[in-house]
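Heads up, the thing below is written out as structure tokens.
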Amino acid sequence: MKPNLHHDLIEGRADVPRLGSVAKLETQHPPYAVLTAYGDVVEPALFYLRDLALSDNSPLTGRSYAHDLLRWFRLLCFLDLPWDKASEAEAAALVGWLRTAPNPQRRRSNPASPQPGSANPRTGKRYLQAGYAPSTINHVLEGPSPPPQEGRGGAVARRDRRHRSDADLPPHETG
């Protein structure tokens, strides 16, 4: 039986390899790029990041979206799928994976550190969970994503449908 990588990612039974990186460039437009595991620039990401930089966005905005793109490219590499062939199924796999994957920035090196999600005994405020925050997942979906495919929905089409109001929909789509 062929494994269903999409379902395994959604259910947290598979992990996307941490290949590639985000690197600071010597240029302003863009100041950051997504690199493959071999150090090559990921061209589709570079075009988006250049456009973002030329639109007077902060370099840190570009860095943030570069990390979002890196997550997308890691997932697509794991699924052995090119950027322009991604669909709604890959967006669902990405969301499922981010909901279940540990966030590497939240690793605790001190064993005496409080457990993720536990409450601070003095303030009562909860420590961050070990995984990705819902706001990070939303940021990934609202940022750059693969182009929608004809008749396949696609991540961008999904995001666009989510942001429309009922007034924007044809009469047969309103509820």
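May I ask you to give the solvent-accessible area per residue for the range 45-154, in square angstrom, as obtained with a 1.4 angstrom probe?
So the range 45-154 comes to 57 Å² accessible per residue, rounded to a whole number.
Taking each pair of different alpha-carbon atoms in the range 1-52 once, compute 1/r for the pair, average those values, and report the inverse of that mean as the Kirkwood hydrodynamic radius in Å to one decimal.
That comes to 13.0 Å for the range 1-52.
Can you divide the C-alpha Rg of the range 1-123 by 2.2 N^0.38 Å and report the result to two decimal places?
Expressed relative to 2.2 N^0.38 Å, the Cα Rg reads 1.25.
To the nearest 10 square angstrom, what accessible area does Glu90 show with a 1.4 Å probe?
Counting only protein heavy atoms, the figure is 10 Å².
What is the gain in length, in nm to one decimal, between Asn110 and Glu88 on full extension, counting 0.36 nm per residue of separation less the C-alpha to C-alpha distance?
4.0 nm
Compute the relative contact order of the range 1-146 as a whole-number percentage, counting only Cα pairs closer than 8 Å that sit 6 or more residues apart in sequence.
Relative contact order comes out at 25 percent.
First measure r as the distance between the Cβ atoms of His7 and Tyr127, then evaluate 1/(1 + (r/R0)^6) with R0 = 25 Å and state the FRET efficiency to the nearest 0.05.
After rounding, the FRET efficiency stands at 0.20.
The values are calculated or read from the model by the stated rules, or taken from the named source; none is laboratory data. These numbers were taken from a predicted model, which means no experiment stands behind them. Counting neighbours? That spans all protein chains shown, and the Cβs are built from the backbone with ideal geometry, glycine included. We work out accessible area using only protein heavy atoms, side chains counted, and drop any ligands, DNA or RNA first. Shrake-Rupley method; radii C 1.70, N 1.55, O 1.52, S 1.80 Å.
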